[in-house]
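Asker: Pasting in a structure now, in structure tokens, and then I'll have a few things to ask.
The values are calculated or read from the model by the stated rules, or taken from the named source; none is laboratory data. From a predicted model like this one, the values you see are computed outputs, not experimental measurements. Quick reminder, even Gly has a Cβ in these numbers, built from the backbone with ideal geometry, and neighbours come from all protein chains shown.
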């Protein structure tokens, strides 16, 4: 690869990380959510559907929370009811049920 090609590639990479990503907004009245991908907006718009079905229900006593996806039910059960804490903090002794909550 030529030096010019490497430099051009680095510049494209830098621009991609520095320039703000264009965002698409939810058009539902009162909703202020924005997304970097239109596919995420499409998925989000389903929460505004009053006829949306929730076929997966938590079986724990006194919970009964419902979900549209089996994976969301599984994540709920593991983090709320099973108290699974598989993600330890890098800086202290705390552990978290989800990797994305560890970084908050």
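Asker: What's the number of the only condition in (1) at pLDDT below 95; (2) within 21 Å of the chain's Cα centre (by Cα); (3) surrounded by 10 or more Cβ atoms within 10 Å (Cβ to Cβ) that residue 22 fails to meet?
Answerer: Every condition holds for residue 22 apart from (3).
Asker: Condition first: surrounded by 13 or more Cβ atoms within 10 Å (Cβ to Cβ), free of Cβ contacts under 8 Å to residues at least 60 places away in the same chain and closer than 25 Å to residue 33 by Cα. Can you find one or more residues in the stretch 84-98 that meet it?
Answerer: yes
Asker: Now for a separate question. Can you give me the ranges of the helices (runs of 4 or more DSSP H) entirely in the stretch 38-104 with at least 2 residues that are modelled with pLDDT under 90? Give the steps one after another, and end with the answer.
Answerer: Values: elements: 38-45, 70-76, 99-102.
Passing ranges, in order: 99-102.
Asker: So, one more: Hey, among 23, 37, which residue is within 29 Å of residue 74 (Cβ to Cβ), outside the structural domain of residue 70 (by TED's automatic domain parsing) and without any contact (Cβ under 8 Å) to a residue 24 or more places away in the chain?
Answerer: Numbers: 23 fails: within 29 Å of residue 74 (Cβ to Cβ).
Within the list 23, 37, the selection yields 37.
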